[in-house]
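Please treat every number below as a calculation from the coordinates, not as lab data. Because the structure is predicted, anything quoted here is derived from the model rather than measured. Note that we place each Cβ from the backbone using ideal geometry, even for glycine, and neighbour counts take in every protein chain shown.
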């Protein structure tokens, strides 16, 4: 399945093996979406880069905890998407149900968790463009 993102780049969604260098986590807690407020991009789903020693599922769990303080034992790979930009990149997408939160002194490159019932509750001025991305919204609609 293909989409065009807000920057005009082709985005290809496919079921692949979760072996790529970037991860995105669609997380929920008590039926609500768990997002993070990334300091530069705004409010979005947690995610980031896989470390050399990690599997993508380990990276997804680590990024979720670093950016939200959320703990889960239910990470599940659902799909992969590739953005064909000047420098293409591929993200493995996981779902997670958070069982608990641990308070943190810092959340690395984020301001910490943002919990909402619906994605459209996030104020437009604070939204990362990821929350308005057709591919991401398609993934969310298919898994939630």
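Results, tabulated for the structure shown:
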quantity: Förster-model FRET efficiency, 25 Å R0, residue 15 and residue 40, C-beta, rounded to 0.05; calculated: 0.25
quantity: Descending principal axes extents, the chain, alpha-carbon based, whole Å; calculated: 38, 37, 27
quantity: Point-to-point label distance, residue 106-residue 55, nm (Cα→Cβ direction, 7 Å offset); calculated: 3.0 nm
